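Okay, so here's the structure we're looking at.
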Amino acid sequence: MVKNGEVLWEIIGKGLEYSTIVDEKVVGFQGLRYAKDPTNGVIIALSSRNSEEKSRWMTKMPSMEGFGQLKELDLHKNRYIRQLDDSICNLVFLQTLILTRCERIQRLPEQIGNLQHLSEVCYVKK
């Protein structure tokens, strides 16, 4: 059984080396952790887990437009976020979406069901 995404996080986090986004050009994502594909350097995982509270989004997440190769998105503890940006539906390689402790999410984008590779969704309010 998954408890607050802990077990799932242990599975997806294995083998990936995470760094923190500090580049101010990556608007809206500073403070989040990321992992790159070691073969091509493309960001394949984003995580708010263990990031500072001020790094988390307030009501709506920013566009995911620059993360086309993303496979894992962990939005753990984004307590104030109310909706996911519709651009998440363009992440055609997304396999894992973690929304643990995202207590105020009111809806998921309608097209999220079209993500063919999305096989793990973890949503636990508290």
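Taking the condition of being touching a Ser or Thr at 6+ places or on another chain (Cβ under 8 Å) and either buried (at least 17 other Cβ atoms within 10 Å of the Cβ) or not polar (S, T, N, Q) (or both), how many residues in segment 59-86 meet it?
14
Report yes if residue 2 is surrounded by 13 or more Cβ atoms within 10 Å (Cβ to Cβ), over 13 Å from the mean Cα position of the chain (by Cα), modelled with pLDDT of 90 or more and in a loop (DSSP other than H, G, I, E, B), otherwise no. Before you say what the answer is, go through the steps one by one.
Details: surrounded by 13 or more Cβ atoms within 10 Å (Cβ to Cβ): yes; over 13 Å from the mean Cα position of the chain (by Cα): yes; modelled with pLDDT of 90 or more: no; in a loop (DSSP other than H, G, I, E, B): yes.
Answer is no for this residue.
What number of residues within segment 90-111 are over 10 Å from the mean Cα position of the chain (by Cα), over 18 Å from residue 44 (Cβ atoms), touching a residue at least 24 places away in the same chain (Cβ under 8 Å) and not in a strand (DSSP E or B)?
Narrowing segment 90-111 to residues over 10 Å from the mean Cα position of the chain (by Cα): 90-93, 95, 100-111.
Keeping just the survivors that are over 18 Å from residue 44 (Cβ atoms) gives 100-111.
If we keep only those that are touching a residue at least 24 places away in the same chain (Cβ under 8 Å) as well, we get 100-109, 111.
The next check asks that each one be not in a strand (DSSP E or B); those that pass are 100-106, 108-109, 111.
The total comes to 10.
How about segment 67-89: which of its residues are assigned to a loop (DSSP other than H, G, I, E, B) and under 17 Å from residue 115 (Cα atoms)?
67, 68, 69, 70, 71, 84, 85
The values are calculated or read from the model by the stated rules, or taken from the named source; none is laboratory data. Since the model is a prediction, treat every value here as computed from it, not as a measurement. Glycine also receives a Cβ, built like all others from the backbone with ideal geometry; neighbour counts cover every protein chain displayed.
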